[in-house]
1. List the lysines whose Cα sits under 19 Å from the Cα of A:LYS192, skipping any in the same chain fewer than 8 residues away.
2. For a quick check: sort A:LYS25, B:LYS12 by the number of other beta carbons within 10 angstrom, fewest at the front.
3. When you have a sec, figure out the Kirkwood radius of the stretch A:8-84 from all distinct Cα pair distances and drop it here in Å to one decimal?
4. A:VAL5's amide H: which non-local residues (gap 5+, or another chain) put their own amide H closer than 5 Å, with H modeled 1.01 Å from N in plane and none for Pro or chain starts?
5. Nearest 500 deg cm²/dmol is fine: what mean residue ellipticity at 222 nm does the protein assembly as shown get from its DSSP H runs of n ≥ 4 alone, each adding -39,500 (n - 2.57), divided by its residue count?
6. Quick check: pseudo-label points 7 Å beyond the Cα along Cα→Cβ at B:ARG85 and B:GLN9, how many nm apart are they?
7. Could you give the semi-axes, largest first, of the ellipsoid that matches the stretch A:1-46, computed as the square roots of 5 times the alpha carbon gyration tensor eigenvalues and rounded to whole Å?
8. Taking θ as phi - 60°, what are the ³J(HN,Hα) couplings along the stretch A:5-15 by the Karplus curve (6.51, -1.76, 1.60), each to the nearest whole Hz, with x for Gly and Pro?
Amino acid sequence: MKITVSINLGGYAFNIDEDAYGELKRYLRELELHFAGEESSSEILSDIEARMSELFRARLSAYRQVITMEDVRYAVSVLGRPEDFSEEGSNSGKQRDSSSGYHRMYRDPDRRIIGGVCAGIGAYWSLDPWIVRIIFIALILAGGLGIIIYLILYVAIPEARTTSQKIEMKGDPVNIKNITDAVRDEFDRVRKNMKL
Amino acid sequence: MDLVNTKAQMRKGILEYCILSVISRGSSYSSDIINELKKAEVIVVEGTLYPLLTRLKNSGLLSYRWEESQQGPPRKYYELTAKGRNYLADLDRSWDELVESVSMLRAK
């Protein structure tokens with residue numbers, strides 16, 4: 001026996017297994033983060049949800065009324081994960097690299113001293129890594145808080161391994177929107193990473 | 001150089017052109033557009049299409065209307081706008097030029 005959850009997806013009501021619901025929610029959240037910098041992100045998401053509901057409906061019948069993990073995995077494989085479509089999707093990649101929503105925070109392995117956290121933050125906001133390092137050193141001297149923050153960021157921020165990640169790492173020049181976007185994005189990402 | 005990457009770049013470059021061509025044959029439902037593009041092996045995952053459709057719509061090349069459906073909630077049908085038709089005609093010309101240039105180079 002399993003507990004089911006009822007959801008509204010693309011205007012349709014579905015009963016979905018609890019574990020499948022968790023998976024679906026994670027996937028939709030991933031898409032939401034991916035499209036966060038896009039002009040009409042909510043429209044894209046609702047189009048995708050409508051398509052998912054179509055895929056689900058095609059798999060249900062009078063004898064099969066509940067969405068399972070398998071159905072969610074199937075729908076995800078048909079629609080693809082964000083990394084699949086940034087590989088396929090038109091020249092959008094280039095447009096998005098220069099748009100404020102698309103750059104991400106990574107640890108910079110090329111300029112690191114310890115874990116590349118300060119270098120990565122510096123690359124993200126076009127600051128000299130030493131400015132960030134001095135702030136961290138000051139925080140450490142002021143009572144050790146810097147060490148804890150550094151460790152959390154080290155765990156939460158992935159290392160830039162591929163070239164495209166290294167391009168994403170370097171963002172636009174500093175402006176208020178970039179900073180608020182980045183803070184919000186990173187907050188979401190940290191929360192997500194903590195859960196996993 | 002990486003063959004897979006070069007091929008992917010080529011396909012990327014023509015994806016918008018392919019989408020506009022499919023829609024130019026009459027108003028189309030997104031799942032039908034997807035099926036055509038998949039059959040032609042231009043896309044692999046469906047998620048690629050949705051942001052592109054929205055971007056094409058935002059730049060005024062496409063418009064859509066809602067149509068009732070017997071199988072479920074209303075569906076979005078996409079159409080080319082006048083601007084979209086001109087844009088596509090331009091792309092048709094440059095595609096022909098490209099094909100010509102490449103075949104000229106290959107024939108030498």
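All of the numbers you see were taken from the coordinates with simple rules; none came from a lab. These numbers were taken from a predicted model, which means no experiment stands behind them. Positions of Cβ are generated from backbone atoms using ideal geometry, with glycine treated the same way; all protein chains shown enter the neighbour counts.
1. Within the straight-line limit of under 19 Å, A:LYS192 reaches these lysines: A:LYS25.
2. Working: A:LYS25 14, B:LYS12 19.
Placing the least packed residue first, the sequence is A:LYS25, B:LYS12.
3. On the way: mean 1/r = 0.0780 Å⁻¹.
12.8 Å is the Kirkwood radius here.
4. Correct list: A:ILE16, A:ASP17, A:GLU18.
5. On the way: 14 runs with 189 residues, N = 304.
Helix-only estimate at 222 nm: -20000 deg cm²/dmol.
6. 3.6
7. On the way: eigenvalues 124, 32, 3 Å².
Ellipsoid semi-axes (Å, largest first): 25, 13, 4.
8. Per-residue couplings from phi come out as 10, 9, 10, 10, 10, x, x, 10, 8, 10, 9 Hz.
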